[in-house]
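Beneath this line is the structure, given in structure tokens, with notes to follow.
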Amino acid sequence: YLYNRLAGPSGSGNTTVLYQQPATKVSTTDDKGNKNGLSVADVAAMVQPAVVEITTERVTTGNRLNQYTEGAGSGVIISNDGVIVTNCHVIEGSNKIVVTLHNGESYEASVIASDETTDLALLRIHKTDLTAAVLGNSGNLAVGETAIAVGNPLGSLGGTVTTGIISALDREITVGGKTMHLLQTNAAINPGNSGGGLFNAAAELIGIVNAKSSGEDVEGLGFAIPVDVAKPVITDLLEKGYVTGRIDTGMTFVDINDTVTAMLNRVDRLGVYVQSVQAGSNAQQAGFEAADYIVAVNGATVSSIAGLNKLLEQCKVGDTLRFDIIRGRQTRTLSLTLREKTT
């Protein structure tokens, strides 16, 4: 295998190797002399050891009692020294994370770093000589190409293999309030598959499964984060612990989109409000306060957090933005210089 060297977490002294595309593609030949890709059985045998089951435990405190909630998902081994990629939402808020390998061995995992924007997280277990997935190129995919999903559906069926095709290459989907551009597949995806692998007919990892459209009469609508999107995020999380180049406003925002929510928050307008301002941030220095109502950014009207995020996606670290806000009964204009998000 060809590989790229990626540094481990700062100060760890570790070297992590992510496995890239094979130098040669394995193929079979039918009785007419036509070359075919690997069979689904071949792919399954090659990739199943690289896909793990993840179980989580969350503890919530209330009414003098601790309540334990268990969750489940999947993950993909991306280096033979114990680095695993999964979804951020699979491990979010967990007090304990346990990874079970294809051979049944279980290990407690630690979180290296995570990124809510791409819904990716990296875990580490203390185990070497693991089978790692080979990273492919999602940019080379075509609609109709074979797609093979491997994961832990329902949290109890680890190593399950389902097949289908690539149904679309760049679906704009809103997941957990965040807009993402995902691969679409009709391979069966169920709760527990999140964080598992989507592979092509050459046994290369082409996506990280992260969503399924659900509802009455909805079937065959699964989605995965393209591996070309995941690669630079994984690199940054390993090397820096955060994704470089991301902007930080120093604020969190809240959508007030109905009159009941407006009444509960004691505001009289629908739209986007500043929910909190980070102490010592660029936003605090610029004069922003909690409960500020956002009217416009650089002259563009803002009516929702999704709309605000689209405007911010066009910006880069160091840009200075003009925010028109309403505070109480006064209209103000504040200038905000964007910093790099490091957490």
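The values are calculated or read from the model by the stated rules, or taken from the named source; none is laboratory data. Bear in mind the structure is a predicted one, so any value in this text is a computation, not a measurement. Please note that ligands, DNA and RNA were not included when accessible areas were found on the heavy atoms of the full protein model with its side chains. Shrake-Rupley method; radii C 1.70, N 1.55, O 1.52, S 1.80 Å.
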For this session: With a probe of 1.4 Å, find how much accessible area the range 141-198 has per residue, and write the answer as a whole number in Å².
Result: 40
Seminar exercise, completed: HN-Hα couplings for the range 282-297 via Karplus (6.51, -1.76, 1.60; θ = phi - 60°), in whole Hz with x for Gly/Pro, come out as 4, 5, 5, 5, 7, x, 6, 9, 4, 5, 5, 9, 7, 8, 7, 10
Problem set entry | Share of carbon and sulfur in the accessible heavy-atom surface of the range 94-218 [1.4 Å probe, %] | 44
Problem set entry | Surface accessible to a 1.4 Å probe, per residue, for the residues of the range 218-343, Å² | 54
For this session: Determine one quarter of the surface area of the Cα convex hull of the range 225-268, which equals its mean projected area, and express it in nm² to one decimal.
Result: 5.4
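If you roll a 1.4 Å probe over the heavy atoms of the protein chains, what accessible area per residue do you get for the range 87-139, in Å²?
On the way: 2350 Å² over 53 residues.
The answer is 44 Å² per residue.
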Seminar exercise, completed: Yeah, the range 210-332 with a ≥ b ≥ c from its alpha-carbon gyration tensor (a/c under 1.5 is rounded, else prolate when a/b outruns b/c, oblate otherwise) is oblate
